[in-house]
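Colleague: Take a look at this one; I'll ask things after.
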Amino acid sequence: MPQLSQRLQQLIGMSRALGAPGADCIILGEGNTSADADAESFFVKASGTSLVDIDAGGFVRVSRSTLRELLSEKSLTDEQVGQGLIAASIDADGVRPSVETFLHALLLDLPGIEFVGHTHPTPINALLCSQRPEEAIRGRLFPDEVVCCGPESAWIPYTDPGLPLAKAVGAAVDDFIERWNEPPKVIMMQNHGMIAMGGSTAQVLAATSMAVKAAHVRLGAAAYGGIRPLTDSELERIYTRPDEHYRQQLLNR
Ligand SMILES: [Zn+2]
């Protein structure tokens, strides 16, 4: 595990890239990011900070075990959630972890996942806020989308942010792992936004920017007779090709 300060610098770089205006992924205080710190803790964005110019003071280190305990509760009041987030904070220095900290706790516990970036990209939300969102994001359109975003995205019907959303994402991720034998690279949440995750900042940034590109392509294809996703056999071929695996590994470095 790299030093804490080095890990935080990686997270700051990834967060600013996701927050850059040209990326069209978020504005103002939207979105949140996280990274493994050590076996007992991780860094997550503090509530009310902006990703575009975030620095070390914009993150809080939180305890994994405290969050695991909270996640195991059947239900918690808003007040209990607030108190739990404060209890989970390590040296918080007056800032509070994001309400989506539960989501990050759950995803960073998955095998191979060390960085998580949650954003609300405009073209992706155009699809996720449409009348047929599941159909709009279904399947994969071209080989690079398979390489960067995985064989499909996990799908989450609209859910109240915070603990309920974390539990819904947990169930969808379990279902995805059952089918594909690995965690999803991209999670799409109805009327909300996307989550990208991986073993490196490069993977999170590649999954996010390729998902944004694919959303533009989907919107364009919809205006030209409809989306034609890769067939199951075309997808399978890309997903299992050794040269495409090699490209995936390069992103992991
Ligand atoms: Zn969000």
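The values are calculated or read from the model by the stated rules, or taken from the named source; none is laboratory data. These numbers come from a predicted model, not from an experiment. All Cβ positions, glycine included, derive from the backbone under ideal geometry; neighbour counts span all protein chains shown.
Colleague: Considering only residues of the range 110-144 that are more than 20 Å from G31 (Cα to Cα) and acidic (D, E), which is surrounded by the most Cβ atoms within 10 Å (Cβ to Cβ)?
Modeller: D144
Colleague: On to the next question. Identify, from the list L107, L51, L67, the residue that is in a helix (DSSP H, G or I), buried (at least 19 other Cβ atoms within 10 Å of the Cβ) and within 16 Å of the ligand (Cβ to nearest atom).
Modeller: Values: L51 fails: in a helix (DSSP H, G or I); L67 fails: within 16 Å of the ligand (Cβ to nearest atom).
Going through L107, L51, L67 in turn, just one is in a helix (DSSP H, G or I), buried (at least 19 other Cβ atoms within 10 Å of the Cβ) and within 16 Å of the ligand (Cβ to nearest atom): L107.
Colleague: Look at the range 75-100 and say how many of its residues are in a loop (DSSP other than H, G, I, E, B) and surrounded by 13 or more Cβ atoms within 10 Å (Cβ to Cβ). Full working, then the answer.
Modeller: Residues of the range 75-100 that are in a loop (DSSP other than H, G, I, E, B), as a first pass: 75-77, 91-96, 98-100.
Applying the additional criterion that residues be surrounded by 13 or more Cβ atoms within 10 Å (Cβ to Cβ) yields 76, 92, 95-96, 98-100.
Count: 7.
Colleague: While we're here: Please verify whether the range 134-141 includes one or more residues that are of a type in the set (K, R), out of contact with any helix residue (DSSP H, G or I) (no Cβ under 8 Å at 6 or more places or on another chain) and touching a residue at least 12 places away in the same chain (Cβ under 8 Å). Before you say what the answer is, go through the steps one by one.
Modeller: Going through the range 134-141, the residues of a type in the set (K, R) turn out to be 138, 140.
Now restrict to residues that are out of contact with any helix residue (DSSP H, G or I) (no Cβ under 8 Å at 6 or more places or on another chain): 138.
Filter once more, keeping what is touching a residue at least 12 places away in the same chain (Cβ under 8 Å): 138.
Looking through the range 134-141, at least one residue is of a type in the set (K, R), out of contact with any helix residue (DSSP H, G or I) (no Cβ under 8 Å at 6 or more places or on another chain) and touching a residue at least 12 places away in the same chain (Cβ under 8 Å).
Colleague: Okay, moving on. List the number of the failed condition for V60; all other conditions in (1) surrounded by fewer than 21 Cβ atoms within 10 Å (Cβ to Cβ); (2) without any contact (Cβ under 8 Å) to a residue 60 or more places away in the chain; (3) in contact with a Pro (Cβ under 8 Å, 6 or more places away or on another chain) hold.
Modeller: Against the list (1) surrounded by fewer than 21 Cβ atoms within 10 Å (Cβ to Cβ); (2) without any contact (Cβ under 8 Å) to a residue 60 or more places away in the chain; (3) in contact with a Pro (Cβ under 8 Å, 6 or more places away or on another chain), V60 comes up short only on (1).
Colleague: Going through I27, I86, I124, I90 one at a time, which residue ends up being over 26 Å from Q3 (Cβ atoms) and away from the ligand (no atom under 16 Å from the Cβ)?
Modeller: Working: I27 fails: away from the ligand (no atom under 16 Å from the Cβ); I124 fails: away from the ligand (no atom under 16 Å from the Cβ); I90 fails: over 26 Å from Q3 (Cβ atoms).
Result: I86 is the single residue among I27, I86, I124, I90 that is over 26 Å from Q3 (Cβ atoms) and away from the ligand (no atom under 16 Å from the Cβ).
Colleague: Whether any residue in the range 15-23 is within 16 Å of the ligand (Cβ to nearest atom) and modelled with pLDDT under 95 is what I want to check.
Modeller: We begin by selecting, within the range 15-23, every residue within 16 Å of the ligand (Cβ to nearest atom); these are 15, 18-19, 23.
Checking the rest, the ones that are also modelled with pLDDT under 95 come to 23.
Checked the range 15-23: at least one residue is within 16 Å of the ligand (Cβ to nearest atom) and modelled with pLDDT under 95.
Colleague: Among the numbered criteria (1) assigned to a loop (DSSP other than H, G, I, E, B); (2) surrounded by 21 or more Cβ atoms within 10 Å (Cβ to Cβ), which one does E30 miss?
Modeller: (2)
Colleague: Do you know which of the residues in the range 186-206 that are closer than 20 Å to E100 by Cα and assigned to a helix (DSSP H, G or I) is nearest to the ligand (Cβ to nearest atom)?
Modeller: It comes out as V204.
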